[in-house]
Amino acid sequence: MIPVIAPFGINWFYESQADNLAQDLSAYGLPAVAVSSRNVAEIRARAGSTVLIVNHSECLIAAERENRRAELIAALSAFEHRILINYDTIYSHWFGNQFPADASPITAIVDLTMVRQVDIPLVRGVPYVWAPEAFSARERASVRPWEAGRPLPWAILGHATAERAAFLSAAMETLGSHGLAFLPPHRPFERRSGFEAAEIARVLGRSDLYLWSSHHSFPYHEGFRALHAVAAGAVPAKVDPLNAAHFAHVPWVYPHLQAVREAREEFGLAAMYQAAFDFIEQHGTLAGSVARAIAPWCPAARQFAERSRGLEVAQ
């Protein structure tokens with residue numbers, strides 16, 4: 001049983017992903033369980049070969065809020081392989097926070113992202129493997145395709161920044177003023193943040209386009225956003241003037257909002273949605289993607305990875 005540790009209570013995105021990953025691995029025959037980083041006793045009881053850690057930094061923060069940081073560090077130290085499931089750009093300080101000096105070192109990095117960040121074997125001296133972001137089987141089963149007649153031509157969701165305010169203004173000018181924007185002050189992604197899963201799905205389920213722009217200048221594709229869009233039947237549209245060429249193979253990344261409007265006019269929303277869906281589908285399943293990535297350090301995952309590949313092909 002592989003424990004998947006996540007910062008329950010302070011970031012529902014990571015909670016949800018830990019649950020999805022554990023459920024998907026278990027459904028395909030590789031037993032796993034999602035565990036809160038605050039539940040040190042359960043983590044200690046499951047000590048063994050491999051632990052998957054979804055955002056090491058926030059896991060430590062969640063434990064620290066209950067004065068259990070040192071206990072969590074000791075519990076994780078008992079595992080032979082401490083594998084970081086990474087959702088940060090490797091060029092940022094957020095990624096650097098995953099390697100605190102007082103904790104036992106991460107032994108491998110699984111970069112669970114829509115687009116590979118680098119093609120090198122080591123990052124910060126640690127083995128690095130890309131796992132393409134994909135739907136879990138449960139998420140895939142609930143995908144609802146785009147259909148005409150949605151009331152919102154576009155939606156923008158994210159914490160308020162000066163850059164996002166400018167992006168909103170440009171979206172209104174380029175794509176029309178009848179979209180929806182939710183840009184609250186910065187707050188933790190807890191269940192009552194306004195960014196809860198059901199609320200995001202409800203907004204995107206009524207939107208043609210899900211627009212976003214990076215809040216940094218690094219060549220990185222943000223996690224979750226494309227999956228949330230496609231699952232709800234919205235067309236993802238990442239606007240990145242600095243790095244659009246880096247993402248030329250991704251059908252929903254654009255250099256500017258004018259290009260989004262031109263694509264909508266030339267291809268139509270149905271074709272844009274299908275292209276996004278097909279791109280994600282080629283990544284297979286969440287379980288298969290992660291199992292293949294962790295196989296070098298998890299013997300059980302090696303057999304599972306081959307089995308899951310066969311299941312994905314059959315589907």
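The values are calculated or read from the model by the stated rules, or taken from the named source; none is laboratory data. Given the structure is predicted, the values throughout are model-derived calculations rather than measurements. Positions of Cβ are generated from backbone atoms using ideal geometry, with glycine treated the same way; all protein chains shown enter the neighbour counts. Surface accessibility is based on the protein's heavy atoms, side chains included, excluding ligands, DNA and RNA. Shrake-Rupley method; radii C 1.70, N 1.55, O 1.52, S 1.80 Å.
Listed highest first by mean packing, meaning other Cβ atoms within 10 Å per residue, what order do 38-47, 222-231 come in?
Ranked from most to least packed, the peptides come out as 222-231, 38-47.
Counting alpha carbon pairs within less than 8 Å and at least 6 residues apart, what relative contact order, in whole percent, applies to the chain? Mind dumping the intermediate values first?
Details: 574 pairs, mean separation 53.5, N = 315.
Relative contact order of the chain: 17 percent.
Pop out the ³J(HN,Hα) list for segment 236-242 in order, Karplus 6.51 cos²θ - 1.76 cosθ + 1.60 with θ = phi - 60°, rounded to Hz; leave Gly and Pro as x.
Each residue of segment 236-242 in turn: x, 8, 8, 10, 9, x, 6 Hz.
Tell me, what ³J(HN,Hα) does each residue in segment 141-154 have, in order and in whole Hz, if you take phi through Karplus 6.51 cos²θ - 1.76 cosθ + 1.60 with θ = phi - 60° and put x for Gly and Pro?
5, 9, 4, 10, x, 5, 9, 5, x, 5, x, 10, x, 7
Simple spin-label model, 7 Å along Cα-to-Cβ: A245 to A70 in nm?
Spacing of the two 7 Å Cα→Cβ label points: 5.3 nm.
How big is the Kirkwood radius of the chain, worked out from every pair of different alpha carbons and given in Å to one decimal?
It is 20.2 Å.
Probe radius 1.4 Å, ligands and nucleic acids ignored: give me the carbon and sulfur share of the accessible area of the chain as a rounded percent.
55 percent
Quick one: which residues, 5 or more positions from A181 or on another chain, have an amide H under 5 Å from its amide H? H modelled 1.01 Å from N in the peptide plane, none for Pro or chain starts.
I156
Using a 7 Å offset from the Cα along the Cα-to-Cβ direction at both E163 and L183, what is the distance between the two label points in nm, to one decimal?
1.3 nm
Provide the gained length on full extension for the span E281 to S217, in nm with one decimal, where the gain is 0.36 nm per separating residue minus the Cα-Cα distance.
Values: separation 64, 0.36 × 64 = 23.04 nm, distance 2.78 nm.
Length gained, E281 through S217: 20.3 nm.
When the Karplus curve 6.51 cos²θ - 1.76 cosθ + 1.60 is applied with θ = phi - 60°, which whole-Hz ³J(HN,Hα) does each residue of segment 81-86 get, with x for Gly and Pro?
3J(HN,Hα) across segment 81-86, in whole Hz: 10, 10, 9, 7, 8, 9.
Amide H of R38: which non-local residues (sequence gap of 5 or more, or other chain) have their own amide H closer than 5 Å, using H built in the peptide plane?
F8
Which whole-number percentage describes the relative contact order of segment 140-299, with Cα contacts under 8 Å and a sequence gap of 6 or more?
Relative contact order, segment 140-299: 24 percent.
Of the options I85, A63, A101, report the single residue whose Cα projects farthest towards the positive end of the charge dipole of segment 52-149 (beta-carbon charges: Lys, Arg +1; Asp, Glu -1).
Checked the options; the winner is I85.
Let me check against my output: what whole-number percent is the relative contact order of segment 100-148, with C-alpha pairs under 8 Å and at least 6 apart?
It rounds to 35 percent for segment 100-148.
For the chain, modelled as a Gaussian network with Cα springs under 10 Å, which listed residue fluctuates most, P31, P185, P145?
Highest fluctuation among the options: P185.
On a 0 to 90° scale, report how tilted helix 257-267 is relative to the longest principal axis of the chain, with both axes built from alpha carbons and the result rounded to the nearest 10.
The angle comes out near 80 degrees.
Could you report the chain's accessible area per residue, 1.4 Å probe, as an integer in Å²? Let's see the in-between values first.
On the way: 13270 Å² over 315 residues.
Solvent-accessible surface per residue comes out at 42 Å².
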